[in-house]
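Structure, as structure tokens:
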There are 2 protein chains.
Amino acid sequence: MEPDTKRAPVDKGADFANYFCTYGFLYHQKEMLSDRVRMEAYHSAIFRNARHFRGKVVLDVGTGSGILAVWAAQAGAKKVYAVETTDMANQARKVAEGNNVACTVEVIQASIEDVTLPEKVDIIISEWMGYFLLRESMFDSVIIARDRWLKPGGAMYPSHARMFLAPMRSALADQKMQEFQHSMADWDRFVLDTREQFGVDMSCLAKSYEEEQKKYYLQTSLWNSLYPNQLLGAAAVIKEIDCLTATVNDISTVDADFSIPLYEGVNRVSGYSGWFDVHFRGSPAAPADSEVQLDTAPSLDETTHWGQQVFLMHPPLRARGGDVLAGKIQMTRSKDNHRLMDVKLTNAVERGGRPLSHPVTALFYIE
Amino acid sequence: MEPDTKRAPVDKGADFANYFCTYGFLYHQKEMLSDRVRMEAYHSAIFRNARHFRGKVVLDVGTGSGILAVWAAQAGAKKVYAVETTDMANQARKVAEGNNVACTVEVIQASIEDVTLPEKVDIIISEWMGYFLLRESMFDSVIIARDRWLKPGGAMYPSHARMFLAPMRSALADQKMQEFQHSMADWDRFVLDTREQFGVDMSCLAKSYEEEQKKYYLQTSLWNSLYPNQLLGAAAVIKEIDCLTATVNDISTVDADFSIPLYEGVNRVSGYSGWFDVHFRGSPAAPADSEVQLDTAPSLDETTHWGQQVFLMHPPLRARGGDVLAGKIQMTRSKDNHRLMDVKLTNAVERGGRPLSHPVTALFYIE
Ligand SMILES: Nc1ncnc2c1ncn2[C@@H]1O[C@H](CSCC[C@H](N)C(=O)O)[C@@H](O)[C@H]1O
Ligand SMILES: Nc1ncnc2c1ncn2[C@@H]1O[C@H](CSCC[C@H](N)C(=O)O)[C@@H](O)[C@H]1O
């Protein structure tokens, strides 16, 4: 049974308010256009494989400012359908005109789910990746585009994606715990004041308040741009996606075991960090002349706007170099918003092949 | 003709995502409950007029944590219907129980627009005021409640509201202008980089980007907590609302002329500041024993979470003590979101009864 058939249909008004509306701002598009790692990867993927674009029909899913569509046209595409649902479509049209490719690039303002193209396409290009790859669930839309509009033997740009998880240390762990404790101390003062000055006892809400604050301070996964030396073990691959064949079912959950030996010198693990990479390998029928990779791992010189996703365990894990962190990560979509994620992390420290204690489970929300 | 009949119906999903969802957090309710000025005003309004509550049926529109409903019960109400649309209703129920008034306070989780009460009520109490009084447009819901459920001769708590506007000075004006200019300098660098490194000319978007940034930095009305000495003239009343009789039409626009002499010593006016007060006077049939006022004007000792709404003119106005600022403020609801406001401010400096220059108009958005 398809799990997605059980879901309530997406409320379009809420989806626009929560998700699409930010893409309607040039400011936000500019942030993506200023991400050099991202830009260089797509640019190289297209121009180093210009041979594959020459004379071809291309679909850009979510064209935003139009950048990928313009590049595809410059690389020699015969026709580029550039689909964008927000009013940013008007700007993409200007960019196509301003760069003299308006005869090749046809900007269509619509949700890709509602579009009817006059022909099938040779290549689908799209920058659909959200934080920790799957946040935003935009790849769903790319799948729809692919299944409806990609010719047999056509290529996906990017063609593959992977997700990684690694143990890490971070001063954020103590900081968040302190913020949480301050917030609860403030709550206690509030209850006293409200009782004394206004004659109402709010203590009956203490448990709910604590849960709410815990969720906010301790269970909300954080965006962070990590230094490589914050990682405490080699990253485990927790998901691999073939963009040519993946179904919505394949990508709507992540469920992976990991077993990661800790580096020498470690004595405490704050939690985990997650990131992704994508690859441009062309297609089996038309392999890339030059494979390109877009990597969002912690890096000293090249950071991306995606940063890394951080999951802090409270309390931190006591473990040392050579110990193995054995666990499981399960990610599902939030019940209230299919573009957000719930993450369940279970882990235990193993030394000499045996667990030092019972496994611990923590829940996180990617908001 | 009713202007509201021309409007598209409100999208409920978007309205929840944009508006109601914040009220579902205890953190947000606690902020309101920690606003001493607000709390003392409602507390006094109820308990100094306990005689009017004794044995009466009360409706609390948007009960949130339940505070006003519990007070009404403590003051002797026979029955309190406490209506709240978000899940905060569950917390209100706990607060009623925890304060031993669950037999009087009936919490109903519903939008007030959808509620059917078993009887009409003697008093409607509600804390419906948003920034600059009308942001959030929640008084619409109170009007519906009043027209459907208030007995003839019943009372509204609060009973009256007023809006004020005064000229002001603020260092924010120069700061915002600088931020805007930095942002545009950054844009120029971005256009150069994108052309040189990625072969795409984005200069065709300069005008749109400038408009977007202008709107963000210069035309977005700001929340601020002002010192009284930042005001440069006596405040003008720009709206008066009688909560017992006002219609949605009456409150969906503000349109007022003002003419404000500047205090001695002034040489520059940064813009305008707006705020409101509300009054608890009971009703004509049952006037309050003790009138209470909730004032959100700039104040040295007592600030509220509403602060003041700030409208900065760019460039600032050159004017001096004794000059008169003559102008007009027009506020309408945003086309895209009926809970947000568009403000048009037209003004000119008059000296000795004659305008020093043509009137200047500025548009602002209350987001
Ligand atoms: N279902 C859908 N239909 C059409 N556009 C979509 C979509 N889902 C997301 N988008 C758009 O896809 C864009 C993703 S951001 C990437 C923008 C651009 N391709 C670039 O690389 O710079 C956003 O502008 C968003 O509004
Ligand atoms: N149409 C409507 N129906 C029911 N509740 C509404 C409503 N419009 C707004 N509300 C609720 O009204 C509350 C306003 S905030 C005031 C809360 C509380 N009365 C107090 O004074 O502390 C919010 O909790 C909001 O969710």
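Only a single item in (1) buried (at least 20 other Cβ atoms within 10 Å of the Cβ); (2) at negative phi; (3) away from chain A (no Cβ under 11 Å) is not met by B:ALA92, and it is number (3). Going by what's in this entry, would A:VAL80 be described as crowded, with 24+ Cβ neighbours inside 10 Å, free of Cβ contacts under 8 Å to residues at least 40 places away in the same chain, away from ligand 1 (no atom under 11 Å from the Cβ) and more than 22 Å from the chain's Cα centre (by Cα)? Answer is yes for this residue. Determine, yes or no, whether B:ALA82 is within 14 Å of chain A (Cβ to nearest Cβ), within 26 Å of B:VAL10 (Cα to Cα) and assigned to a strand (DSSP E or B). So B:ALA82 fits the description; yes. Within segment B:19-74, the residues that satisfy the criterion of being part of a loop (DSSP other than H, G, I, E, B) and within 12 Å of chain A (Cβ to nearest Cβ) are B:GLY24, B:PHE25, B:SER34, B:ASP35, B:GLY64, B:SER65, B:GLY66. Out of B:ALA8, B:ALA14, B:ALA41, one residue alone is modelled with pLDDT under 95, surrounded by fewer than 24 Cβ atoms within 10 Å (Cβ to Cβ), of a type in the set (Gly, Ala, Ser) and under 21 Å from the mean Cα position of the chain (by Cα). It is B:ALA14. Residue count for segment B:179-214 under the criterion of being more than 10 Å from chain A (Cβ to nearest Cβ) and aromatic (Phe, Trp, Tyr): the result is 1.
If I ask for residues that are part of a helix (DSSP H, G or I) and either more than 10 Å from ligand 1 (Cβ to nearest atom) or basic (Lys, Arg) (or both), which ones from segment A:5-15 would you list? Break it down into steps so the answer makes sense when it comes.
Here is the first cut: in segment A:5-15, the ones part of a helix (DSSP H, G or I) are A:5-6, A:12-15.
A:THR5, A:LYS6, A:LYS12, A:GLY13, A:ALA14, listed by residue number.
Of the residues in segment B:85-98, not one is at pLDDT 95 or above, within 21 Å of B:GLN293 (Cα to Cα), within 15 Å of ligand 2 (Cβ to nearest atom) and not in a helix (DSSP H, G or I).
Within segment A:269-296, residues that are modelled with pLDDT under 95 and surrounded by 19 or more Cβ atoms within 10 Å (Cβ to Cβ) have Cβ atoms under 9 Å from residues that are among the aromatic types (Phe, Trp, Tyr) and in a strand (DSSP E or B) in no pair, counting only partners at least 6 apart in sequence or on another chain.
Starting from residues that are more than 12 Å from ligand 1 (Cβ to nearest atom) and either closer than 23 Å to A:PHE139 by Cβ or in contact (Cβ under 8 Å) with a residue 24 or more places away in the chain (or both), keep the ones in segment A:95-104 and report whichever is surrounded by the most Cβ atoms within 10 Å (Cβ to Cβ). Let's see the steps before the verdict.
First, pick out the residues of segment A:95-104 that are more than 12 Å from ligand 1 (Cβ to nearest atom): A:96-104.
Still in the list and also either closer than 23 Å to A:PHE139 by Cβ or in contact (Cβ under 8 Å) with a residue 24 or more places away in the chain (or both): A:96, A:99, A:101, A:104.
On the way: A:ALA96: 24, A:ASN99: 21, A:VAL101: 20, A:THR104: 19.
Looking at the filtered set, the residue picked out is A:ALA96.
Conditions (1) closer than 30 Å to B:PRO261 by Cβ; (2) more than 16 Å from ligand 2 (Cβ to nearest atom), marked per residue:
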| position | (1), (2) |
| --- | --- |
| B:ILE108 | no, no |
| B:ILE112 | no, no |
| B:THR116 | no, no |
| B:GLU136 | no, no |
| B:ARG146 | no, no |
| B:TRP149 | no, no |
| B:TYR157 | no, no |
| B:ALA161 | yes, no |
| B:ALA166 | yes, yes |
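Given A:TYR227, A:TYR217, which one is within 14 Å of another protein chain (Cβ to nearest Cβ) and aromatic (Phe, Trp, Tyr)? Full working, then the answer.
Numbers: A:TYR227 fails: within 14 Å of another protein chain (Cβ to nearest Cβ).
Matching residue, one of A:TYR227, A:TYR217: A:TYR217.
Taking strands (runs of 3 or more DSSP E) that do not extend beyond segment A:264-357, which have at least 3 residues that are closer than 15 Å to A:ALA236 by Cβ?
Numbers: elements: A:268-282, A:287-295, A:308-318, A:324-333, A:341-351.
Once the strands (runs of 3 or more DSSP E) in segment A:264-357 are filtered for at least 3 residues that are closer than 15 Å to A:ALA236 by Cβ, what remains is A:268-282, A:308-318, A:324-333, A:341-351.
Residue-by-condition table, conditions (1) buried (at least 17 other Cβ atoms within 10 Å of the Cβ); (2) touching a His at 6+ places or on another chain (Cβ under 9 Å); (3) of a type in the set (Lys, Arg):
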position: A:MET202; (1), (2), (3): yes, no, no
position: A:TYR216; (1), (2), (3): yes, no, no
position: A:TRP223; (1), (2), (3): no, no, no
position: A:TYR227; (1), (2), (3): no, no, no
position: A:LEU232; (1), (2), (3): yes, no, no
position: A:ALA236; (1), (2), (3): yes, no, no
position: A:LYS239; (1), (2), (3): yes, no, yes
position: A:ASP242; (1), (2), (3): no, yes, no
position: A:THR245; (1), (2), (3): no, no, no
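Of the set (1) touching a residue at least 40 places away in the same chain (Cβ under 8 Å); (2) farther than 19 Å from A:TYR272 by Cα, all apply to A:PHE180 but (1). Against the definition (touching a Leu at 6+ places or on another chain (Cβ under 6 Å) and away from every other protein chain (no Cβ under 12 Å)), how does B:ILE124 come out, yes or no? Judged against the criteria, B:ILE124 is a match. Condition first: touching a helix residue (DSSP H, G or I) at 6+ places or on another chain (Cβ under 9 Å), modelled with pLDDT of 95 or more and farther than 30 Å from A:PRO287 by Cβ. Can you find one or more residues in segment A:228-242 that meet it? No, segment A:228-242 contains no residue that is touching a helix residue (DSSP H, G or I) at 6+ places or on another chain (Cβ under 9 Å), modelled with pLDDT of 95 or more and farther than 30 Å from A:PRO287 by Cβ. Taken over segment A:108-141, residues that are within 12 Å of A:ILE251 (Cβ to Cβ), of a type outside the set (Gly, Ala, Ser), in contact with a Gly (Cβ under 9 Å, 6 or more places away or on another chain) and surrounded by fewer than 24 Cβ atoms within 10 Å (Cβ to Cβ) amount to 3.
In segment A:106-117, the residues that are closer than 14 Å to A:THR63 by Cα and within 14 Å of chain B (Cβ to nearest Cβ) reach residues that are more than 16 Å from ligand 2 (Cβ to nearest atom) and of a type in the set (Asp, Glu) with C-beta atoms within less than 9 angstrom, at least six apart or across chains, in these pairs: A:VAL107/A:GLU84.
The values are calculated or read from the model by the stated rules, or taken from the named source; none is laboratory data. The model shown is predicted, which means the values in this text are computed figures rather than measured ones. Cβ sites come from the backbone with ideal geometry, for glycine too, and all protein chains shown count toward neighbours.
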